[in-house]
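The values are calculated or read from the model by the stated rules, or taken from the named source; none is laboratory data. None of these values were measured; they are calculated from a predicted model. Don't worry about glycine lacking a Cβ; one is built from the backbone with ideal geometry, like all the others, and counts go over all protein chains shown.
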Amino acid sequence: MLSRDIPGPPSPFGALLATIVLMFSLLLPKSKSDLNEMGNESRNTVHQRVIEYYLQNQPNVSFRFVAKFFHIHGDYATVKRWFDRYDGTILSLQQQMRSGRPQILNQEEIDQFITRVICSHNRMSRSIKYSKIMDLIHQKTKLNISTRTVQRYGKKNGVKSRKMIKRTAKEISSASSESIAKLRRKLQRISNKKIIFLDETHIKINEAPRTTLVAPGENPYVIVTDSSSYAARYDMIAAVVGDQILPSIIYSPADRKTKNVKGINSNMLIDFMENILCPSISTLDYCPIYLVLDKSHIHNISKIKEALGNFECMKSVEILVMPTQAAKRISPLDNSLFHEWKE
């Protein structure tokens with residue numbers, strides 16, 4: 001055999017080229033089919049196929065190559081994590097429950113220092129902020145906890161930040177609350193057709209709407225001709241029984257000027273009851289037995305009883321006087337009808 005027929009050692013470039021050709025011959029045909037099949041597989045099955053593919057093609061592929069080829073989020077570190085966890089079964093690749101950050105306070109401490117403190121302030125109608133709770137926790141446990149952590153604990157226990165509803169001390173006193181509740185319980189046990197609500201209100205002639213649309217960066221200013229409390233106004237006396245609004249009366253500035261009065265007085269109220277309210281009720285198929293009023297100075301109980309006594313169907317009517325600041329919670333006139341009229 002001639003010496004020229006004996007093959008010499010391969011060059012470095014030739015060896016590298018042969019390795020690349022072998023790698024692509026192993027990867028391309030199978031990997032493309034793998035990608036098509038993996039489209040309909042579950043996540044854990046995909047993880048298993050990637051790891052098995054890596055094992056079958058050792059030592060020609062690396063974690064980085066597999067991650068780039070299969071477009072794995074997290075690059076080679078994700079593939080390595082799957083490989084370290086894989087024990088030959090698909091169960092080993094399932095996502096495990098994470099322990100998360102360790103809790104600084106246990107559930108009992110969260111209930112004691114956060115939930116119960118907030119509940120006590122709510123029941124006393126006092127405002128409270130998370131900063132105050134942080135100071136309390138520091139005093140009791142000597143722990144420095146961030147506002148974010150305390151907010152997370154509060155949210156976990158259902159605590160929400162709400163807009164405050166301002167109430168006076170007299171309004172939330174136990175005696176006032178009990179008197180309002182007592183009247184509401186009594187009215188709830190009576191048919192609406194047997195209850196008359198009577199009230200008065202007013203609206204200024206030049207009164208502007210209470211709300212307006214405002215574009216970003218603009219101010220909600222509205223030009224009015226007269227905004228003082230002495231502006232000319234209309235006064236209204238209205239009554240409602242059951243689901244019916246009875247005829248009302250409206251006094252204009254000219255009407256009050258004719259009567260030489262500045263507003264509605266008790267005599268005007270009695271005129272309304274004798275001339276409008278009682279005749280309207282006498283035409284109904286049923287007769288109310290309760291008249292609900294607020295503590296207005298024009299509601300003279302003796303005069304009202306005398307006016308009702310002139311009508312047969314109103315002789316047995318019982319007059320109920322609402323406690324102070326209770327109209328918004330009891331009277332349908334003060335809640336919706338007057339508001340709609342003013343709007």
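Of note:
- For segment 102-114, the condition of being touching a helix residue (DSSP H, G or I) at 6+ places or on another chain (Cβ under 9 Å), assigned to a loop (DSSP other than H, G, I, E, B) and modelled with pLDDT under 80 holds for at least one residue.
- For segment 254-264, the condition of being assigned by TED's automatic domain parsing to the domain that holds LEU333, in a strand (DSSP E or B) and at pLDDT below 85 holds for none of the residues.
- Just one of the listed residues (TYR230, TYR221) is among the hydroxyl-bearing types (Ser, Thr, Tyr), loosely packed, with under 12 Cβ neighbours inside 10 Å, modelled with pLDDT of 70 or more and in the same structural domain as THR201 (by TED's automatic domain parsing), and it is TYR221.
- Residue check, CYS278 assigned to a helix (DSSP H, G or I) and either assigned by TED's automatic domain parsing to the domain that holds HIS202 or among the hydroxyl-bearing types (Ser, Thr, Tyr) (or both): yes
Matching residues to (1) surrounded by 14 or more Cβ atoms within 10 Å (Cβ to Cβ); (2) polar (S, T, N, Q):
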site: SER252; (1), (2): no, yes
site: ASP255; (1), (2): yes, no
site: LYS262; (1), (2): no, no
site: LEU269; (1), (2): yes, no
site: PHE272; (1), (2): yes, no
site: LEU284; (1), (2): yes, no
site: TYR290; (1), (2): yes, no
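- Hey, GLN95 modelled with pLDDT of 75 or more, within 42 Å of the chain's Cα centre (by Cα) and of a type outside the set (Asp, Glu) or not: no
- Subset of segment 34-79 [charged (D, E, K, R) and either modelled with pLDDT under 80 or in contact with a helix residue (DSSP H, G or I) (Cβ under 9 Å, 6 or more places away or on another chain) (or both)]: ASP34, GLU37, GLU41, ARG43, ARG49, ARG64, LYS68, ASP75
- Among the conditions (1) without any contact (Cβ under 8 Å) to a residue 24 or more places away in the chain; (2) not in a helix (DSSP H, G or I), the only one that ALA238 does not satisfy is (1).
- Selection from segment 51-68 of residues that are surrounded by fewer than 16 Cβ atoms within 10 Å (Cβ to Cβ) and not in a loop (DSSP other than H, G, I, E, B): GLU52, LEU55, GLN56, ARG64, LYS68
- Evaluation of SER131 against the conditions (1) in contact (Cβ under 8 Å) with a residue 12 or more places away in the chain; (2) more than 20 Å from SER161 (Cβ to Cβ); (3) loosely packed, with under 13 Cβ neighbours inside 10 Å shows that the sole unmet condition is (2).
- Selection count, segment 303-319, where residues are buried (at least 16 other Cβ atoms within 10 Å of the Cβ) and outside any helix (DSSP H, G or I): 2
- Failed item in (1) surrounded by 11 or more Cβ atoms within 10 Å (Cβ to Cβ); (2) over 45 Å from the mean Cα position of the chain (by Cα), with HIS138 passing the rest: (2)
- Number of the condition not met by ASP294 [criteria: (1) within 42 Å of the chain's Cα centre (by Cα); (2) surrounded by fewer than 19 Cβ atoms within 10 Å (Cβ to Cβ)]: (2)
- ILE298 within 17 Å of ILE190 (Cβ to Cβ), in contact (Cβ under 8 Å) with a residue 60 or more places away in the chain, in the same structural domain as ILE250 (by TED's automatic domain parsing) and touching a helix residue (DSSP H, G or I) at 6+ places or on another chain (Cβ under 9 Å): no
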